[in-house]
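**Student:** I am attaching a structure below and will ask some questions about it afterwards.
The values are calculated or read from the model by the stated rules, or taken from the named source; none is laboratory data. Note that the structure is predicted; figures quoted are calculated from it, not measured. No Cβ is skipped: glycine too gets one built from the backbone with ideal geometry, and neighbour counts run over all protein chains shown. Surface accessibility is based on the protein's heavy atoms, side chains included, excluding ligands, DNA and RNA. Shrake-Rupley method; radii C 1.70, N 1.55, O 1.52, S 1.80 Å.
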Amino acid sequence: MAIGLDCYLCLLVVGLLLHSCLGATDAGAGRTAAVLVGQLTVLSFANQVLLTMAVRASAGKLIMGVRVIRLPDAGRPEFRRLVLRWLYGLLWLPLQPWHHLRRATAEPPPRNRLGGCPRAAASPTDLAGVRHVRRSDLRYYRAAVAGGRRG
């Protein structure tokens, strides 16, 4: 949900900016597309990297009560990790439907387990070493770690 909110908010803001910037002038399709892509990229970077550095969550994640943490210590992710995560989401994730369709047209995987089900594929790891967690879970984790250190 948080990712969907991020996308919706980004498109809403860029749509409003684009309407105000290009509404009065007679802009061609090429200029409109270039401005749209530029604004989407800048706003996406500001939301996913800069806002996450400041408050540990993007706009959609703030609304949903989700925080971004660094693994393994649940600390605040650094700028480099956040930029890697942003590029990963921007360049790799949109290609996933295409990869899924390609796999679906290939021959089926062999049955490796007794029940006839193929082995579950390992979940993909995050390139940047960051994870999304609920704010309440992070609070409980920190309290448990602090309690373990005292006792």
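**Student:** Looking only at the stretch 11-49, filter to residues that are farther than 30 Å from VAL68 by Cβ, of a type in the set (S, T, N, Q) and open to solvent by 50 Å² or more (accessible area, probe 1.4 Å); which one of those is modelled with the lowest pLDDT?
**Tutor:** THR25
Yes/no matrix, rows are residues, columns are (1) surrounded by 15 or more Cβ atoms within 10 Å (Cβ to Cβ); (2) within 21 Å of LEU17 (Cβ to Cβ); (3) among the hydrophobic types (A, V, I, L, M, F, W, C):
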| site | (1), (2), (3) |
| --- | --- |
| ARG56 | yes, no, no |
| GLY75 | no, no, no |
| LEU82 | yes, no, yes |
| ARG85 | yes, no, no |
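**Student:** Consider PRO77 against the criteria (1) under 13 Å from the mean Cα position of the chain (by Cα); (2) in a loop (DSSP other than H, G, I, E, B): it satisfies all of them except one. Which criterion is unmet?
**Tutor:** Result: PRO77 passes all but (1).
**Student:** Return the total of residues in the stretch 58-73 being touching a residue at least 12 places away in the same chain (Cβ under 8 Å) and surrounded by 15 or more Cβ atoms within 10 Å (Cβ to Cβ).
**Tutor:** Of the residues in that region, 10 qualify.
So that you can scan it fast, the table gives a plain yes or no per residue for (1) assigned to a helix (DSSP H, G or I); (2) farther than 27 Å from VAL145 by Cβ; (3) of a type in the set (A, V, I, L, M):
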| site | (1), (2), (3) |
| --- | --- |
| ILE3 | yes, yes, yes |
| HIS19 | yes, yes, no |
| ALA34 | yes, yes, yes |
| SER44 | yes, yes, no |
| ASN47 | yes, yes, no |
| LEU62 | yes, no, yes |
| LEU82 | yes, no, yes |
| PRO94 | yes, yes, no |
